[in-house]
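Peer 1: Sharing a structure, written as structure tokens. Questions coming.
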Amino acid sequence: MSEEVHVQIRRAHPADYQAIIDIFNDAVRVGIATDESHPVTVADRQSWFDQFDNRHPLWVITVDGQVGG
């Protein structure tokens, strides 16, 4: 019997920013899908986060309540 997984797509909250950066930095470390060569911080990307609004929201995917993408 398989375990049920709860997946949700929702708007990102400031509390999600570190998880988003962690996912991004994982891609930096393995050299995929980014032109960055060094990990970044939330502060480094704060102006990017600030660009999102009600008209152009930032979305996250959660798996069992944890940001996964």
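The values are calculated or read from the model by the stated rules, or taken from the named source; none is laboratory data. Everything numeric in this text was worked out from a predicted model, so none of it was measured. Every residue, glycine among them, receives a Cβ derived from its backbone with ideal geometry; neighbour counts consider all protein chains shown. For accessibility, only protein heavy atoms count, side chains too; no ligands or nucleic acids. Shrake-Rupley method; radii C 1.70, N 1.55, O 1.52, S 1.80 Å.
Peer 1: Can you tell which of D26, D16 is part of a helix (DSSP H, G or I), modelled with pLDDT under 95 and surrounded by 10 or more Cβ atoms within 10 Å (Cβ to Cβ)?
Peer 2: D26
Peer 1: Still on this structure, I have one more. Could you look through the stretch 29-62, keep only residues that are basic (K, R) and not in a loop (DSSP other than H, G, I, E, B), and pick out the one that is most open to solvent (accessible area, probe 1.4 Å)?
Peer 2: Checked the stretch 29-62; the qualifying residue most open to solvent (accessible area, probe 1.4 Å) is R29.
Peer 1: Here is a further query. Can you name the residue in the stretch 20-36 that is within 20 Å of I9 (Cβ to Cβ) and of a type in the set (A, V, I, L, M, F, W, C) and, of all such residues, is farthest from the chain's Cα centre (by Cα)?
Peer 2: A33
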